[in-house]
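Notes follow once the structure below has been shown.
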Amino acid sequence: MRGTVGTSREPEGGTGVVAAPEDGCTAAVRAGGSEDRAEGSTGCAEGSSAAAEGAAGCPEAAAVRAEGCPTATDVALLEGWHGIARGLGGVQEELSAEVARGSRIDPAAVQVLWFLLTRPGGAVPMNQVSRLLGFSTAGTTKVVDRLAELGFIERRPSPDDRRVTFAALTPHGREAAGDLAADLARALRERVVGVIGEEGFTTLVTLTGRLSEGTAGPCGV
């Protein structure tokens, strides 16, 4: 992962470095908004690094950012988040693909089966399957059709709303989903827990769980 949140880089060649006596706002404006930077800066992140240091809360620093160049702190933040998303997404794809190879069904179908296995009664509305996969209705229908052809799931009308259709595990599907879940857990222990450790995995679960709960920020938003 490139960069660490909250750090900044000094511009190449020493350009944009501001002498100490000035306050944070003045330093930010001189470092990020000078004519020299506008004419010959070698990069947005480098040109605005000093503005990222100690310029929080002043309107001049906001004006610097408005020129279109993110601060070095913002760049580090974005790169850090990209690394997290890429790492988790890549691992998920690898795990699903590994289990799918052994079961001869595609990774999306693997996700559906283990998801249903964890739901009460082994059944959920089709729109929940769509949210799980991030697929359109048509894409979800194809996955469910394939699993239905294999005898793993069946469609059931909702007992409360006949307009809603459930995807539900069949007895054969429940057995297959149990085997897949065991394979997925084994791969997860090797690919993730084996790399970051049990304590690291527990921390990761806790932190991502807080994100999924939509924890409010310091201003209550």
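Here are some notes:
- Solvent-accessible area of T206, all protein chains in place: 80 Å² (probe radius 1.4 Å, heavy atoms, ligands and nucleic acids excluded).
- Exposure of W81 as accessible area (Å², to 10), given a probe of 1.4 Å and all protein chains: 150 Å²
- Under the simplified labelling scheme, the V164-I84 pair shows an inter-label distance of 3.2 nm, with each label point 7 Å from Cα along Cα→Cβ.
- Under 5 Å, built H, 5+ apart or other chain: amide partners of I153: A148, T170
- Length gained when the stretch N127-A148 is fully extended (0.36 nm per residue, less Cα-Cα span): 5.9 nm
- Where labels lie 7 Å past Cα in the beta-carbon direction, separation of Q92 and R104 in nm: 2.8 nm
- Accessible-area value, F166, 1.4 Å probe, nucleic acids and ligands omitted, Å²: 50 Å²
- Across region 108-221, the relative contact order, built from alpha-carbon pairs under 8 Å that are at least six residues apart, equals 25 percent.
- Phi to ³J(HN,Hα) by Karplus 6.51 cos²θ - 1.76 cosθ + 1.60 over region 81-94, Hz, x for Gly, Pro: 5, 4, x, 5, 4, 5, x, 5, x, x, 5, 4, 5, 5
- Taken per residue, the accessible surface of region 104-178 reaches 56 Å², heavy atoms only and a 1.4 Å probe.
- The modelled label-to-label distance between E199 and T118, using points 7 Å beyond Cα along the C-beta direction, is 2.5 nm.
- Cβ-based net charge around F135, under 13 Å, with every Lys or Arg adding one and every Asp or Glu removing one: +1
The values are calculated or read from the model by the stated rules, or taken from the named source; none is laboratory data. All of these numbers come straight from a predicted model, not from anything done at the bench. Please note: Cβ atoms are built from the backbone with ideal geometry, for glycine as well, and neighbour counts cover all protein chains shown. Calculation scope for accessible area: heavy atoms of the full protein, side chains included, ligands and nucleic acids excluded. Shrake-Rupley method; radii C 1.70, N 1.55, O 1.52, S 1.80 Å.
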